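To start, the structure under review is shown below, and the notes come after it.
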2 protein chains.
Amino acid sequence: MLTEIAKKTRLAAQNLASLPSDKKNKAIESIAKSLELHADQIVAANAIDCQAAEGKIGSALYSRLKLNATKLIGAIVGVRDVGKLADPVGQIQIHRELDAGLIMHRVSCPVGVLGVIFEARPDAVIQIASLAIKSGNGVILKGGSEAVNSCTVLVKAIKAGLAQSEVDPDVIQILTTRSETTELLKLDRYVDLIIPRGSNEFVKYVQDNTRIPVLGHADGICHLYIDSEADLDRAIAITIDSKTQYPAACNAIETLLIHQSIANEFLPAIINKLQADQVKVKLDEIGHQLLGDKIENIELATADDWSTEYSDLILAIKIVPDIESAITHINTYGSRHTDAIVTTNSSTAKMFIDRVDAANVFHNCSTRFSDGFRYGFGAEVGISTQKMPPRGPVGLEGLVTYKYQITGDGHIVATYAGDNPKPFTHRDLS
Amino acid sequence: MLTEIAKKTRLAAQNLASLPSDKKNKAIESIAKSLELHADQIVAANAIDCQAAEGKIGSALYSRLKLNATKLIGAIVGVRDVGKLADPVGQIQIHRELDAGLIMHRVSCPVGVLGVIFEARPDAVIQIASLAIKSGNGVILKGGSEAVNSCTVLVKAIKAGLAQSEVDPDVIQILTTRSETTELLKLDRYVDLIIPRGSNEFVKYVQDNTRIPVLGHADGICHLYIDSEADLDRAIAITIDSKTQYPAACNAIETLLIHQSIANEFLPAIINKLQADQVKVKLDEIGHQLLGDKIENIELATADDWSTEYSDLILAIKIVPDIESAITHINTYGSRHTDAIVTTNSSTAKMFIDRVDAANVFHNCSTRFSDGFRYGFGAEVGISTQKMPPRGPVGLEGLVTYKYQITGDGHIVATYAGDNPKPFTHRDLS
């Protein structure tokens, strides 16, 4: 059954893949109009979901689940914004003459069919649908079960919009049961990329249970290292921003590393500031010794803390003897997400940036900058902590791949092989 | 034990990662010199391997195992050629001002540590070592057991060369037992990319038994489609080249699709030519009906043939009613490797190129062109049939990833958030 849905999506996506930008943009405008037209139904369906969930989920989850008229209008603005982004498909990356009349292009093309599994957050349907269509991909969605009515009505409205365009409404599908999620992960013949959004445990589960490439990250254990040559006022401002500006974000720091030569001065200053901002501090043994009994309410940080993503107003602090130790700590316990250094010494900064093994490595600024919108990518699909591209904040660019296209004039390889092979010209064309 | 080796490799690779091109090139030259210096020992070690393998392996495998002085000299030329290739590391892909004083670079960087598992082919050690060092990566090698003496002596010579350079000899390691291969696949904390070379079954085994990204391909089921508007002489030449120029290659065709409207004329012509070149033909039911008893020695192609990679002088032929059927057949049975069309109609060709879901899609030329050397990539690591980049023939470019680096001046995200957020400038710098 799900295989049939996936086949249908794949077929529809094949047509979408070669549509020119203006037709995709018209389809995106059709979606926006249809969402406006069905606004009352969408808000009503969401009210049913919210009523059923009330008291059963936390307030943060509840506010994400809620999709009132104002939030819907905002999401529709987002759809039209995606329409305005540059088309990631059809970009010529290589244009090369291999020999006279034998011309190679490497051209960006859609990935195919995306499987996106997300939380009970109905506005995600709207964002993902517009990103998928802009990038020429089909998409099979599965939202959190609390949002099932909202998501179903939203996808219906989106399909109604697509029916007015040249894009086959089959490019978007919604799944509603958990067993379908398990089945989806097995469809490696029909689904090309899985994008899981949700808890670390869920992302790990997905990574361990599919052969389909997974775009995303489980952990977000980010570090800030305050070097011996740091400007300490700046170091305090960056630490506070990196920890408190939005502590639940994956790019917020979990561990602060401090060079021992400045710890006597910096440690009490930063702890006072953190505690004033309601941050619970966990300090290593050396730090406790340095601090003596100057400040109360500081827990001892243990080895477990270095691998813990608090996602909360808690910060582990470790004193390190030198930058090498800081780098080794980060490369051992970090999740290759985002790590930063505060220093006025540019060669120390260079060493840190070169050696820290992370998608995002910063100097003298907050770790919270690692984000697709802040990078100017327009829209963000997620942040990938895998080593191979797409890595780091992923925009529309992460939803396309490329194809090598060669046009010849009857060229055969035998001409270029054997005892008297014809040489290739390998001339890049503009 | 293997974990310790992998940790050591990783540490050595971290130093290598930030070495400038000239120092890496000097290390590559040191390797070349050391291989020349140890040539006698290498050839002698190989003679032991060859003696032990004689009569136990086929002649093709034996000739790959053999590394005499001439072949070694050729391989050393290859090392120096890699030295001349452009450095894939340190390429600035994005250079953007996010706001005044907040500058982002996206810079290519090594992947980290490669795990390369290959056949009993000692020259591969030489090629892989030079590619790994050029791309700034550590590498853990495991060669086929028949080549154990050759590989061990080769790696010793390479390490001796590196000892004369600024590259830590620990960047290259050799494993010698099968149990280590299994263990290697589990080291996802220390190994960033696995490159398996060998049989389809082996590559599948690797893909199914590791969480580490795998670069490569299991199947190579490539197609050639002869359209109704094809130039038939050209179609014959391209068919023969695509099948017979090197039938064991992954980019040789396994299935020929023929538009029914030209089958009456083309089918007997191509079958005669194929049979003259010792190609065994398997023809579908419709083809048999069209052909009648004009030609003998033609087997019936069954459903299994469409999914079989013969890697031999065997070709399955299917008659299709239209281009849509050809595309559907390819997208159903193909391995997303290389597929080609012969047609004089450019819009038919465009449709084929747009819709066929493969890394390499060609028009009016042989499928055998899909190869890193022929594409002008200098050296080829392998051909990837995964959807996400690196896809298709992969050169040095596939051994690097990228990092987002931001340098600020104390910038914090709070400035750009809240009720009165400062806007980003997002200005691309040259």
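Descriptive notes on the structure:
- The residues of region B:379-396 that are more than 8 Å from chain A (Cβ to nearest Cβ) and either outside any loop (DSSP other than H, G, I, E, B) or of a type in the set (D, E, K, R) (or both), listed by number, are B:Glu380, B:Gly382, B:Ile383, B:Ser384, B:Val394, B:Leu396.
- Within region A:397-419, residues that are within 7 Å of chain B (Cβ to nearest Cβ) and on the phi > 0 side of the Ramachandran plot reach partners that are crowded, with 21+ Cβ neighbours inside 10 Å and outside any loop (DSSP other than H, G, I, E, B) with beta carbons closer than 8 Å, at six or more positions or on different chains, in the pairs A:Gly410/B:Ile238; A:Gly410/B:Asn364; A:Gly410/B:Cys365.
- The residue that is surrounded by the most Cβ atoms within 10 Å (Cβ to Cβ), among those in region B:236-249 that are among the hydroxyl-bearing types (Ser, Thr, Tyr) and modelled with pLDDT of 95 or more, is B:Ser242.
- When we screen A:Val191, A:Val171, A:Val148 for residues that are closer than 25 Å to B:Arg336 by Cα, in contact (Cβ under 8 Å) with a residue 60 or more places away in the chain and away from chain B (no Cβ under 14 Å), the only hit is A:Val171.
- When the residues of region A:327-337 are filtered to those that are closer than 14 Å to A:Leu257 by Cβ and buried (at least 23 other Cβ atoms within 10 Å of the Cβ), the one that is nearest to the other protein chains (Cβ to nearest Cβ) is A:Ile327.
- Subset of region B:250-297 that is β-branched (Val, Ile, Thr) and buried (at least 20 other Cβ atoms within 10 Å of the Cβ) - its residue that is nearest to B:Asn200 (Cα to Cα): B:Ile253
- Within region B:227-317, helices (runs of 4 or more DSSP H) holding 2 or more residues that are under 30 Å from the mean Cα position of the chain (by Cα): B:232-244
- Of the residues examined, B:Cys222 is one that is of a type in the set (A, V, I, L, M, F, W, C), touching a strand residue (DSSP E or B) at 6+ places or on another chain (Cβ under 8 Å) and farther than 21 Å from B:Ile128 by Cβ.
- Scan of region B:298-313 for residues that are of a type in the set (D, E, K, R) and surrounded by fewer than 16 Cβ atoms within 10 Å (Cβ to Cβ), ordered by number: B:Glu299, B:Asp304, B:Asp312
- Options B:Ile226, B:Ile212; residue that is among the hydrophobic types (A, V, I, L, M, F, W, C) and buried (at least 23 other Cβ atoms within 10 Å of the Cβ): B:Ile226
- Count - residues of region B:149-174 that are surrounded by fewer than 21 Cβ atoms within 10 Å (Cβ to Cβ) and farther than 17 Å from B:Ile133 by Cα: 2
- Failed criterion for B:Ala379 (all others in (1) in the same structural domain as B:Asn251 (by TED's automatic domain parsing); (2) of a type outside the set (S, T, N, Q); (3) touching a helix residue (DSSP H, G or I) at 6+ places or on another chain (Cβ under 8 Å) hold): (1)
- Scan region A:175-186 for residues that are touching a Leu at 6+ places or on another chain (Cβ under 8 Å) and either crowded, with 22+ Cβ neighbours inside 10 Å or not aliphatic (A, V, I, L, M) (or both) and the total you get is 4.
- If you go through region B:24-41 and keep only what is under 27 Å from the mean Cα position of the chain (by Cα) and either not hydroxyl-bearing (Ser, Thr, Tyr) or not assigned by TED's automatic domain parsing to the domain that holds B:Ile73 (or both), you end up with B:Lys24, B:Asn25, B:Lys26, B:Ala27, B:Ile28, B:Glu29, B:Ile31, B:Ala32, B:Leu35.
- Some residue of region B:104-127 being within 30 Å of B:Ala60 (Cβ to Cβ), assigned to a helix (DSSP H, G or I) and of a type in the set (Lys, Arg): no
- Under the condition of being surrounded by 11 or more Cβ atoms within 10 Å (Cβ to Cβ) and either assigned to a loop (DSSP other than H, G, I, E, B) or among the aliphatic types (A, V, I, L, M) (or both), the residues counted in region A:409-430 number 10.
- Verdict on A:Ala218 being aliphatic (A, V, I, L, M) and either under 30 Å from A:Gly143 (Cβ atoms) or outside the structural domain of A:Thr332 (by TED's automatic domain parsing) (or both): yes
- Cross-chain or 6+ apart pairs with Cβ under 6 Å, region B:337-355 first and of a type in the set (Gly, Ala, Ser), then part of a strand (DSSP E or B) and buried (at least 23 other Cβ atoms within 10 Å of the Cβ): B:Ala340/B:Leu224; B:Ala340/B:Phe362; B:Ala349/B:Ile341
- Filter pass, A:Gly376 being outside any helix (DSSP H, G or I), free of Cβ contacts under 8 Å to residues at least 24 places away in the same chain, more than 10 Å from chain B (Cβ to nearest Cβ) and surrounded by fewer than 21 Cβ atoms within 10 Å (Cβ to Cβ): no
Conditions tested, residue by residue: (1) in contact with a His (Cβ under 7 Å, 6 or more places away or on another chain); (2) surrounded by 13 or more Cβ atoms within 10 Å (Cβ to Cβ); (3) closer than 18 Å to A:Ala132 by Cβ.
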| site | (1), (2), (3) |
| --- | --- |
| A:Lys26 | no, yes, yes |
| A:Ile42 | no, yes, no |
| A:Asn46 | no, yes, no |
| A:Gln51 | no, no, no |
| A:Ile57 | no, yes, no |
| A:Leu61 | no, yes, no |
| A:Leu65 | no, yes, no |
| A:Ala69 | no, no, no |
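- Index of the failed condition, B:Ala263 passing every other in (1) more than 14 Å from B:Ser366 (Cβ to Cβ); (2) within 14 Å of another protein chain (Cβ to nearest Cβ): (2)
- Among residues of region A:198-224 that are at negative phi and within 13 Å of another protein chain (Cβ to nearest Cβ), those with a beta-carbon under 6 Å from a residue that is in a helix (DSSP H, G or I) and at pLDDT below 90 at least six positions away or on a different chain give the pairs A:Val214/A:Gln207; A:Ala218/A:Asn200; A:Ala218/A:Val203; A:Ala218/A:Lys204; A:Asp219/A:Asn200.
- All of (1) facing chain B (nearest Cβ under 7 Å); (2) within 24 Å of A:Met104 (Cα to Cα); (3) buried (at least 21 other Cβ atoms within 10 Å of the Cβ); (4) in contact with a helix residue (DSSP H, G or I) (Cβ under 9 Å, 6 or more places away or on another chain) hold for A:Asp357 with one exception: (2).
The values are calculated or read from the model by the stated rules, or taken from the named source; none is laboratory data. Just so you know, these numbers come straight off a predicted model, no measurement behind them. Note that we place each Cβ from the backbone using ideal geometry, even for glycine, and neighbour counts take in every protein chain shown.
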